[in-house]
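Have a look at the structure below before the remarks.
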Amino acid sequence: MQVLIKNGEVYAPDYVGKKDILCAGGKLVAIEEHIDEAGLAGEVEVIDAKGKNVVPGFVDTHQHFIGGGGEGGFATRTPELKLTDQTLNGVTTALGLLGTDDLSRHVESLLAKTMGFRDEALAPI
């Protein structure tokens with residue numbers, strides 16, 4: 001399936017103007033002044049981004065996938081992240097860190113969470 005994002009204020013990363021963006025096969029294939037969906041073969045999902053900014057996915061280089069905190073005791077621990085904690089904020093690539101709590105959180109758990117995110121489509125670095 002193809003996705004056509006129309007009328008967005010595009011930053012790549014600098015502002016390039018009001019553009020249409022075509023994605024196919026999970027890849028960005030065109031950024032043009034106007035892309036006519038009638039000229040595209042196959043199924044096309046059209047998203048109207050009028051009045052919205054369209055930016056590349058953000059890279060978060062410091063994230064505690066399996067939770068953080070804990071240096072003040074078990075009551076100060078923070079919960080594990082869900083994939084949507086990242087993606088709903090525009091993060092498409094993230095680096096998972098262990099943090100200070102090595103009593104109840106381990107490298108193996110971080111690796112398992114990272115692999116789960118990869119399976120759900122967040123690109124780990």
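Numbers for the structure displayed
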read-out: Condition met for Leu103 (exposed (fewer than 11 other Cβ atoms within 10 Å of the Cβ) and touching a residue at least 12 places away in the same chain (Cβ under 8 Å)); value: yes
read-out: Residue list for segment 59-94, restricted to those being farther than 17 Å from Glu108 by Cα and among the aliphatic types (A, V, I, L, M); value: Val59, Ala75, Leu83, Leu88, Val91, Ala94
read-out: Qualifying position, being under 27 Å from Gly8 (Cβ atoms), of a type in the set (Asp, Glu) and assigned by TED's automatic domain parsing to the domain that holds Val10, among Asp36, Asp85; value: Asp36
read-out: Residues of segment 15-35 satisfying the condition of being loosely packed, with under 11 Cβ neighbours inside 10 Å, assigned to a loop (DSSP other than H, G, I, E, B) and at pLDDT 95 or above; value: Glu33, His34
read-out: Segment 29-47 residues that are without any contact (Cβ under 8 Å) to a residue 60 or more places away in the chain, paired with ones that are of a type in the set (S, T, N, Q) (beta carbon under 8 Å, 6 or more apart); value: Leu40/Gln2; Gly42/Gln2; Glu43/Gln2; Val44/Gln2; Glu45/Gln2
read-out: Pick from segment 36-64, criterion among the small types (Gly, Ala, Ser) and surrounded by 12 or more Cβ atoms within 10 Å (Cβ to Cβ), ranking: farthest from Leu98 (Cα to Cα); value: Ala49
read-out: Filter result for the condition that a residue is touching a residue at least 24 places away in the same chain (Cβ under 8 Å), over 26 Å from Phe117 (Cα atoms) and either surrounded by 12 or more Cβ atoms within 10 Å (Cβ to Cβ) or hydrophobic (A, V, I, L, M, F, W, C) (or both), over Val10, Val3; value: Val10
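The values are calculated or read from the model by the stated rules, or taken from the named source; none is laboratory data. None of the values given here were measured: they were computed from a predicted structure. Cβ sites come from the backbone with ideal geometry, for glycine too, and all protein chains shown count toward neighbours.
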